[in-house]
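What follows is one structure encoded as structure tokens, with my remarks underneath.
The values are calculated or read from the model by the stated rules, or taken from the named source; none is laboratory data. Just so it is clear, the model here is predicted, and its values are computed rather than measured. Methodologically, a virtual Cβ is constructed for each residue, glycine included, from the backbone with ideal geometry; neighbour enumeration extends over all protein chains shown. When the accessible area is computed, the model is the full protein with side chains, heavy atoms only, and any ligands, DNA or RNA have been set aside. Shrake-Rupley method; radii C 1.70, N 1.55, O 1.52, S 1.80 Å.
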Amino acid sequence: LLMEGRQIPMGYRLISLLRDKVCIMSNTPAEILDHEPFLKAAKGDVLIAGLGFGMCVSALLEKEEVSSITVVEMSNDVIRLTGGAYIHHPKVSIINTDIHLYEPDRTFDTVWLDIWDDICPENFEEIAQLENKFHTGDNWVGAWSKAEALTAMHSGFRIIEI
């Protein structure tokens, strides 16, 4: 599904990670812009669900108002591929587990949920459950593709496997 505004410009150097010949993450301009609200809001102790290419971690390390970054990533392969650049940084902790199973011993000022391979309405319920899990009432919690998943859900768009 090619959604409006998610095209890749001609000549762009695309980096993507495939699983079973399906793209599960990329560095497209739209993908990068999707993280902008989170990167602007981030402060204090930050939790990120999904390491990806490490773009968010890299950007957060540039912010003085970020005191710690905890990344929960369930894929050993993703940690091996991109986590090495951050794994020994004093502000960064990478925890190898599923975000659904992760039980933190503290609260976070900022939470970003980015564990979905694609944008689809089926993600919305899981987004809401995880937001509820980490929302404390006075922290900022956001999720990649939440608005698009909600729009797709209300438009009646469904994925049918055949």
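Per-residue extension of 0.36 nm, minus the Cα-Cα distance of Asp77 and Leu61, leaves a gain of 3.5 nm for this segment.
Accessible area per residue was computed with a 1.4 Å probe on protein heavy atoms; Thr107 scores about 90 Å².
For Thr70, the shell of other residues with beta-carbons less than 13 Å away shows a net charge of -3, using +1 for Lys and Arg and -1 for Asp and Glu. Electrostatic tally near Asn96: other residues with Cβ closer than 15 Å to its Cβ, Lys and Arg +1, Asp and Glu -1, net -3.
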